[in-house]
Amino acid sequence: MELFLDRSTGRLRTLWRLGIQYWAYWVLVQIIFSLVVVGWLLVDSGGRMPSGGLDTLVVPDSPALPLVSGIVGLLAAILTVWLAGRFLDRRPFSAFGFHLGAGWWLDLFFGMILGALLMTAVFLIELGLGWVEVTGSFETQGGAPFVISMLIPAAAFVCVGVSEETVFRGYQLKNGAEGLNYPSLGPRGAILLAWVLSSVFFAVLHADNPNATPISTLNIVLAGLMLGFGYVLSGELAIPIGLHITWNFFQGAVYGFPVSGLGDFGATLLATEQGGPELWTGGSFGPEGGLLIPAVMLLGMSLVALWTRLRTGKVSLHTPIAESPYRDRPQIPPQ
């Protein structure tokens, strides 16, 4: 029984909590997305099922599809993290990095500015080196007004930023740090190890993306560290969410790069054609697949540290991340 249950708190052990939450998240995404796609196709076909049944349905090729996927992921992330927090962790949703005060929104704004600046730096470096060529501007699909068309990728990347940070940093990193908080590691060691492990898991899940390479997977580990850095310093998801949103938005919808191997977001401010050495640019995977991006990510982490220093007067790990909600309660004696 002790393999599953922590008798000192009466909760499932950390690994089981992590596994159940992520499994529920993945299953819920598949179910909701499938229902949405089936409904979408039935509406398009006037309510008629194809002769081959559901197995012959094909996902529609639409610029709105990333938004649909993003909304589904956001709903699944919020619901499963809230449920896991309530029934498995026994802590409020706000404990996963959502203490929404004035400082939280200020940090979110900083993260958004930072993501935009970092991806602009990537674009300007590649442009200056002749590795990327601007072939057009204000491009859309389907004849919709440009501003309206840009709202689709903007909303999609907001959904992705919030959902992925809620799951990978808010839930996984926090629970991982708590579970690893043994006397031999201490809270700081536990946070550092959980930060690395959650970033590796984040990268493994992106290793399946189109055009992924070993370099892109290693860079996504570093991306996980960059995104999680604001969280391990503050215990809040404001900086990671803001950074994640605009990093993706400026990469795909502003500068026309692929985003982790994915492209075609329905609209782009600049249409670009990638050239130069793929080893450095990332080629069809996008900048995250090249050797240029690690330096930019390290710059991003340095600026997060500088911002934290200016805001709080110090740069140190937020050790309450590794604390159990039962830390001040008497332990339940073994039965």
inquiry  = Please determine whether any residue of the range 128-137 is within 30 Å of I31 (Cβ to Cβ) and either surrounded by fewer than 22 Cβ atoms within 10 Å (Cβ to Cβ) or at pLDDT 95 or above (or both).
reply    = no
ask   = Among the residues of the range 168-194, which ones are within 17 Å of F96 (Cα to Cα), open to solvent by less than 30 Å² (accessible area, probe 1.4 Å) and of a type outside the set (D, E, K, R)?
value = F168, G170, Y171, Q172, L173, N175, G176, A177, G179, A190, I191, A194
query = In the range 207-254, what count of residues is obtained for those that are under 16 Å from Q172 (Cα atoms), of a type in the set (F, W, Y) and in contact with a Phe, Trp or Tyr (Cβ under 6 Å, 6 or more places away or on another chain)?
reply = 0
query = Just wondering, is there one or more residues in the range 238-248 that are free of Cβ contacts under 8 Å to residues at least 40 places away in the same chain and either closer than 25 Å to T166 by Cβ or acidic (D, E) (or both)?
reply = no
The range 97-123 residues that are open to solvent by less than 30 Å² (accessible area, probe 1.4 Å), paired with ones that are among the polar types (S, T, N, Q) (beta carbon under 6 Å, 6 or more apart) = G115/T246; A116/T246; M119/Q251
note = Only unsatisfied item for L205, checking (1) among the hydrophobic types (A, V, I, L, M, F, W, C); (2) surrounded by fewer than 20 Cβ atoms within 10 Å (Cβ to Cβ); (3) at pLDDT 95 or above; (4) under 15 Å from E164 (Cα atoms), is (3)
Residue list for the range 251-283, restricted to those being open to solvent by 60 Å² or more (accessible area, probe 1.4 Å) and assigned to a helix (DSSP H, G or I) = E278, L279, W280
remark   = Checked pairs for the range 250-268, first closer than 16 Å to Q141 by Cα and in contact (Cβ under 8 Å) with a residue 60 or more places away in the chain, second part of a strand (DSSP E or B) and aromatic (F, W, Y), C-beta under 9 Å and 6 or more apart or across chains, list as A267/F138; T268/F138
Output for the range 2-28, where each listed residue is open to solvent by less than 30 Å² (accessible area, probe 1.4 Å), among the basic types (K, R) and not in a helix (DSSP H, G or I) = R11
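Here is a check on your reading of the model: is E164 surrounded by 19 or more Cβ atoms within 10 Å (Cβ to Cβ) and in contact (Cβ under 8 Å) with a residue 24 or more places away in the chain?
Criteria met by E164.
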remark   = Across (1) assigned to a loop (DSSP other than H, G, I, E, B); (2) at pLDDT 95 or above; (3) among the hydroxyl-bearing types (S, T, Y), Y182 clears everything bar (2)
request  = Please work out which residue is farthest from Q274 (Cα to Cα), limiting yourself to the range 284-327 and to residues that are charged (D, E, K, R) and not in a helix (DSSP H, G or I).
outcome  = R327
query = Of these, L218, L173, which one is in a helix (DSSP H, G or I) and under 23 Å from G283 (Cβ atoms)?
reply = L218
Selection from the range 138-179 of residues that are touching a Ser or Thr at 6+ places or on another chain (Cβ under 8 Å), of a type in the set (G, A, S) and modelled with pLDDT of 95 or more = G176
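The values are calculated or read from the model by the stated rules, or taken from the named source; none is laboratory data. Keep in mind that what you see is a predicted model, and the values were worked out from it rather than measured. All Cβ positions, even for glycine, are placed from backbone atoms using ideal geometry, and neighbour counts span all protein chains on display. Heads up: the accessible areas ignore ligands, DNA and RNA and are worked out on the full protein's heavy atoms, side chains in. Shrake-Rupley method; radii C 1.70, N 1.55, O 1.52, S 1.80 Å.
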